[in-house]
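Since every read-out is calculated from the coordinates, none of them should be taken as a lab result. None of the values given here were measured: they were computed from a predicted structure. Backbone-built Cβ (ideal geometry, glycine too); neighbour counts: all protein chains shown.
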Amino acid sequence: MEKKEMLYEGKAKQIFASDNEDQLIVHFKDDATAFDGQKKGQIAQKGIINNKISNFFFKLLEEKGIKTHLIKELNERDSLVKKVDIIPLEVVMRNIAAGSIAKRLGLEEGTKLPAPVLEFYYKNDDLGDPLINRSHIEVLELADEEELRILAEMAEEINKILFDFLKNQGIDLVDFKLEFGKNKDGEIILADEISPDTCRFWDSETQQKLDKDRFRRDLGDVEAAYHEMLKRITGQESL
């Protein structure tokens, strides 16, 4: 599969055209950002780890009936995916209070929520990806009622699958962000990635953070946390 011109570059990934107009190549970078790009750095081998972890999760979800954009892993940093039109919404599922929800609702970080919380954020860098509700989504014409129903149902099912899997690996799935897109047939499928960049993972016993919060909060041992998650999730000891 030939990698052609770069179509888009984000904070953590580059998207390239391929020799098939319906397929794209995603390249995972080691770049790390936080606080809407105000903090920047690099995490050694992050791109490799995120590519492997994300693909592992996508394959797991496919086995459980969740359709994703993943076609196959091409190499340690590149994956071949189906071309989709991304829905401009970040769909966030929260199981434990951390980050912004703890601040907004006055909850102590680490508080277990009595039920998973579903949130929508408007994917707009200029606005800082604000939290929005269903009325906002309707007014902005980002998704219709049926599409929102599908997004919510898929997010809730993904949460159940990942939560149960990670619990068996000694990991609490605190929260995570999902992105979805429409394929050429107009079907909504899971896209983007699921990795320590887009999830909060805490060790079930020690509550040690094993995700990008270690970079955001200057906690140290960032690379070690990513490698530990690779080991826990895929069983791969090292790269």
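What relative contact order, as a whole-number percentage, does the chain give when Cα pairs under 8 Å and 6 or more residues apart are counted?
Relative contact order here is 18 percent.
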Based on Cα positions only, what radius of gyration and what Dmax would you give for region 9-52, in angstroms?
-> 12.3, 36
Pull out the extension gain between residue 102 and residue 236, defined as 0.36 nm times the separation in residues minus the alpha carbon to alpha carbon distance; nm, one decimal.
-> 44.9 nm
Per-residue ³J(HN,Hα) for region 70-85, Karplus 6.51 cos²θ - 1.76 cosθ + 1.60, θ = phi - 60°, Hz, x for Gly and Pro | 5, 9, 6, 7, 8, 7, 5, 10, 10, 9, 8, 9, 6, 6, 9, 8
Pseudo-spin-label distance residue 182 to residue 129, built 7 Å along Cα→Cβ, given in nm, is 2.3 nm
Relative to the present Cα-Cα distance, how much length would full extension add between residue 109 and residue 203 at 0.36 nm per residue of separation?
-> 32.4 nm
R0 of 41 Å, Cβ-Cβ distance residue 23-residue 221: FRET efficiency to nearest 0.05 = 0.65
Ranked output for segments 203-210, 124-131 by mean other Cβ atoms within 10 Å, highest leading, reads 203-210, 124-131
Distance from region 52-96 to region 149-202 (C-alpha centre basis), Å | 8 Å
Residue 67's amide H: which non-local residues (gap 5+, or another chain) put their own amide H closer than 5 Å, with H modeled 1.01 Å from N in plane and none for Pro or chain starts?
-> 190
In Hz, Karplus ³J(HN,Hα) per residue of region 139-145 (6.51, -1.76, 1.60; θ = phi - 60°; x = Gly, Pro) | 5, 7, 6, 7, 6, 8, 4
Can you give the percent of C-alpha pairs in region 7-122 whose distance is more than 16 Å?
-> 71 percent
Net dipole in debye of the chain [+1 Lys, Arg Cβ; -1 Asp, Glu Cβ; about Cα centre; nearest 20] = 620 debye
Each label sits 7 Å from Cα toward the beta-carbon; between residue 3 and residue 64 the label points are separated, in nm, by 3.1 nm
Check residue 107: other-chain or 5+ apart residues with amide H under 5 Å from its amide H, H built from backbone geometry?
-> none
